[in-house]
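Below: one structure, written as structure tokens.
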Amino acid sequence: MRVGIPKVLSVWSTHQFWIGFLRALGVARKNIVFSSDTSERQFREFGKGRGTVDSCYPVKCVSGHYGELVFGQRKPIDMLLSPLFYNLPSFLRGHVLDTYACPRDMAAAENIKAGFLREKDAFAERGVTLLRPFVSLGDPELVPRQLQAALGEALHTSYQEVVEAVEAGYRALDSFNSRMRAKSREVLSACGQERRPCLMVLARPYHMDPGIGHEIEGQLQSHGFPILWAQYFPIDDDLMSWLFGREVAAGRIGSPFDIADVWQSSYSNSTNEILWGAKVAARCPWITGVIRLSSYECGMDQPTYTPVQKIVETSGTLFFKFGDLDATKPTGSVKIRVETIVHYLEQYSGRIIEAKLARLPARCPLAANEVTAACG
């Protein structure tokens with residue numbers, strides 16, 4: 001059995017869960033097929049004429065991912081798994097109101113399906129079963145019943161098998177997140193020891209797709225600036241205490257993961273993580289610049305533009321926004337803006353690092369000897 005999964009939207013932040021889940025049910029890793037990164041060629045060859053009228057660029061891209069999985073595989077898939085996420089797992093859970101997924105993301109599977117049924121059932125013609133489970137990944141106790149109801153018959157599984165597979169999925173996701181955060185800590189430690197600046201990207205998970213994010217962070221990294229994503233910033237106790245300990249002790253926030261001081265409506269998962277990332281970037285000395293990515297007319301992002309910019313710039317950290325990413329890829333304009341960003345980082349990073357270090361406790365947990373060799 002071969003299962004195809006579109007690698008776009010929220011799948012970017014949960015694909016390890018599905019790998020762990022499906023493997024625990026006996027699906028071989030080689031038979032778990034993700035679509036490729038978003039591209040114009042992908043949409044032109046597989047999604048054209050099957051799209052949806054939607055101002056959300058990432059949602060429109062889903063038709064190309066569906067088409068690639070249904071029509072573009074040398075060895076056909078048997079099932080297309082396209083979840084409808086209600087909420088998502090997050091390291092901020094318990095410190096915010098909730099972690100809901102974007103409603104446009106959630107509805108994307110329903111919207112795009114219509115394009116493949118417009119003239120005839122493209123799924124049935126190819127022998128593909130479309131699976132669209134409604135999943136509350138932010139509430140692990142609900143997930144087994146949701147997936148058993150949606151997938152049990154198609155995958156020939158019992159409820160107990162699904163329970164065990166869900167547990168395996170969460171273990172795989174937690175392991176992946178831990179590895180990513182450990183790598184981010186290595187980057188920060190190297191920056192601390194070398195007094196070297198790095199950049200943080202504040203964006204939604206689908207902007208990690210080079211086609212949707214226009215490879216902007218890759219271009220900046222090619223100039224020698226390490227890139228961190230807020231979703232994978234290290235959350236170790238020692239580092240959180242160093243960055244937020246004084247504010248917690250003073251009672252200004254309830255924990256290092258509390259964003260109530262800057263954002264009261266903390267129910268949207270990606271929005272919460274973007275606001276938290278802005279707070280981290282404002283405090284962490286070696287993050288001397290923030291890159292804000294957002295897709296054209298993203299209704300969830302628009303209310304966050306001003307608070308995120310104010311949080312970052314109040315600390316003296318440089319802030320750069322690409323707020324209208326869509327199918328148009330203005331290569332020349334992006335190149336000029338990247339060169340401008342590099343210029344400002346080279347000119348001001350040194351003084352930004354010194355100013356932010358002066359506001360933090362002298363004992364830095366990122367020093368090689370866990371004292372102050374790299375930080376003070």
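Within the stretch 93-111, the set of residues being assigned to a loop (DSSP other than H, G, I, E, B) and either more than 22 Å from the chain's Cα centre (by Cα) or under 13 Å from residue 66 (Cβ atoms) (or both) is empty.
Looking at the structure I just gave you, is residue 220 surrounded by 19 or more Cβ atoms within 10 Å (Cβ to Cβ), part of a helix (DSSP H, G or I) and in contact with a Leu (Cβ under 7 Å, 6 or more places away or on another chain)? Yes, satisfied. Please verify whether residue 290 is surrounded by 14 or more Cβ atoms within 10 Å (Cβ to Cβ) and assigned to a helix (DSSP H, G or I), treating the condition exactly as stated. Judged against the criteria, residue 290 is not a match. Here is a list: 36, 55, 90. Which entry is in a loop (DSSP other than H, G, I, E, B), of a type in the set (S, T, N, Q) and without any contact (Cβ under 8 Å) to a residue 40 or more places away in the chain? Sole residue among the options that is in a loop (DSSP other than H, G, I, E, B), of a type in the set (S, T, N, Q) and without any contact (Cβ under 8 Å) to a residue 40 or more places away in the chain: 36. Counting only residues that are open to solvent by 90 Å² or more (accessible area, probe 1.4 Å), in a helix (DSSP H, G or I) and in contact with a helix residue (DSSP H, G or I) (Cβ under 8 Å, 6 or more places away or on another chain), the stretch 335-364 holds 1 of them. Within the stretch 188-200, residues that are small (Gly, Ala, Ser) reach partners that are buried (at least 19 other Cβ atoms within 10 Å of the Cβ) and modelled with pLDDT under 95 with beta carbons closer than 7 Å, at six or more positions or on different chains, in the pairs 189/366; 192/364; 192/366; 192/374; 192/375. Filtering the stretch 229-252 to residues that are surrounded by 15 or more Cβ atoms within 10 Å (Cβ to Cβ), part of a loop (DSSP other than H, G, I, E, B) and touching a residue at least 60 places away in the same chain (Cβ under 8 Å) leaves only 235. Only residues that are under 14 Å from residue 204 (Cβ atoms) and either of a type in the set (A, V, I, L, M, F, W, C) or crowded, with 19+ Cβ neighbours inside 10 Å (or both) were counted across the stretch 97-111, and they come to 7. A search for C-beta distances below 7 Å between a residue of the stretch 334-358 that is more than 11 Å from residue 316 (Cα to Cα) and any residue that is open to solvent by less than 10 Å² (accessible area, probe 1.4 Å) and outside any helix (DSSP H, G or I), counting only pairs 6+ apart in sequence or on different chains, returns 341/289; 345/288; 345/289; 357/285; 357/375. Screening residue 47 on (1) surrounded by fewer than 22 Cβ atoms within 10 Å (Cβ to Cβ); (2) over 27 Å from residue 143 (Cβ atoms); (3) not aliphatic (A, V, I, L, M) shows it passes everything except condition (1).
Picking from residues in the stretch 7-23 that are modelled with pLDDT of 95 or more and buried (at least 20 other Cβ atoms within 10 Å of the Cβ), the one that is nearest to the chain's Cα centre (by Cα) is 17. State yes or no: is residue 55 closer than 19 Å to residue 203 by Cα and buried (at least 20 other Cβ atoms within 10 Å of the Cβ)? When the stated conditions are applied, residue 55 does not pass them. The test for being over 25 Å from the mean Cα position of the chain (by Cα), modelled with pLDDT under 95 and outside any loop (DSSP other than H, G, I, E, B) holds for residue 332.
The values are calculated or read from the model by the stated rules, or taken from the named source; none is laboratory data. Everything numeric here is computed off the predicted structure, so don't read it as measured data. Backbone-built Cβ (ideal geometry, glycine too); neighbour counts: all protein chains shown. SASA here: full protein model, heavy atoms, side chains in, ligands and nucleic acids out. Shrake-Rupley method; radii C 1.70, N 1.55, O 1.52, S 1.80 Å.
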